[in-house]
1. Arranged by the count of other C-beta atoms within 10 angstrom, fewest first, what order do 39, 219, 350 take?
2. Helix 134-146 sits at what angle to the longest principal axis of the chain, using alpha carbons and giving 0 to 90 degrees rounded to 10?
3. Taking the mean number of other Cβ atoms within 10 Å as a proxy for protection, how do you rank 303-309, 85-91 from highest to lowest?
4. Is it possible to state the helix-based mean residue ellipticity at 222 nm for the chain, with each DSSP H run of 4+ residues giving -39500 (n - 2.57), the sum divided by total residues, to the nearest 500 deg cm²/dmol? What is it?
5. Evaluate E = 1/(1 + (r/R0)^6) for residue 169 and residue 321, where r is the Cβ-Cβ distance and R0 equals 45 Å; express this FRET efficiency to the nearest 0.05.
6. If you take the beta carbon distance between residue 289 and residue 347 as r and set R0 to 25 Å, what does 1/(1 + (r/R0)^6) give as a FRET efficiency, to the nearest 0.05?
7. Can you give me the angle between helix 168-185 and the longest principal axis of the chain, using Cα atoms only, in degrees from 0 to 90, rounded to the nearest 10?
8. Provide the packing ranking of 313-324, 51-62, 226-237, i.e. peptides ordered by the mean count of other C-beta atoms within 10 Å per residue, highest first.
Ligand SMILES: *Cc1c(COP(=O)(O)O)cnc(C)c1O
């Protein structure tokens, strides 16, 4: 299929990644995180695939994301991880989503709206949402258990450094959470304890508790920024385009805005119609490689809004107009990981796929076959 930019998402890979995470945390249920449009993969398709892979919970960051999943027909337990304003809380509750609380006044708001399922959050060191005071977190839990119509569904925290190897702060956070949540569970036996993101799920069984909350790993990206295959994960997303133009570039001629590439010797330039308007970041450096005909070619010149240019070398590398180009994914023996792109840009794999713009159509498939419609 020749279109200017396409994100092909293999839902079967998401299913297998969730199954892999289930086996990594055998005693825990899996809550698949599909916030930010499923890390750019399409939230609805990711949610359905995650459930098919054995996730019994889903999580999003916002009330709108929760409502969107319900509108798409997604059932099952759903948790909104983020802060909720007065306007947003009723939207989350109307979607039948669980919400996160760390102030008693928030539990009162939930009760005033007719009630809902509440997870009390202790801030053990992330320093973002949640309360740092275990006593306040305990009062929030008690309020959620007591208020009319509300139920205490969980006790939770979130790690700041689970993806940093040999980091001691992770163990401190884990100890703080266990010291608060394990005794509290005696009073609230139905509340689920949960703390682990992808990195914690893969790193330490002591962080699994009742429920793990992997996001990045369900998409087959590595939370440690390494090769996902080493942990049995399979990248689900490929970013594809094609060669729209091929032409010679004489010594002294340039390509792109600002003439940041000037050929020092005669070469051949291919134009691939993907740019920062598609979420292919211009960044501090345009350095990247793109696969054409199973070979890697360097991106040269500046990333434009709608186009990038590749240096095919003096012989043109056998590339012809219309050839498939792969920016993320595999072609022949070669593959380009989101982790490698993130490295070059000085960012993380999460941002590479989240950045893909709405302009890029998502094509969901099952190992290359058209997905069955629901
Ligand atoms: C995003 C998020 C996760 C998932 O994190 P990953 O690193 O993508 O696995 C889990 N828990 C909370 C609270 C989050 O915000």
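1. So the residues, fewest neighbours to most, are 350, 39, 219.
2. Orientation of helix 134-146: about 70 degrees from the principal axis.
3. Ranking, from highest mean packing down: 303-309, 85-91.
4. Details: 11 runs with 105 residues, N = 374.
Calculated from helices alone, the mean residue ellipticity at 222 nm is -8000 deg cm²/dmol.
5. According to the calculation, E is roughly 0.25.
6. 0.90
7. 30
8. Working: 313-324: 14.0, 51-62: 21.0, 226-237: 19.2.
Order by mean packing, descending: 51-62, 226-237, 313-324.
Quick note: the coordinates plus some simple rules give every number you see, no bench work behind them. Just so we're clear, the structure is a prediction, and the values are computed from it rather than from any experiment. No Cβ is skipped: glycine too gets one built from the backbone with ideal geometry, and neighbour counts run over all protein chains shown.
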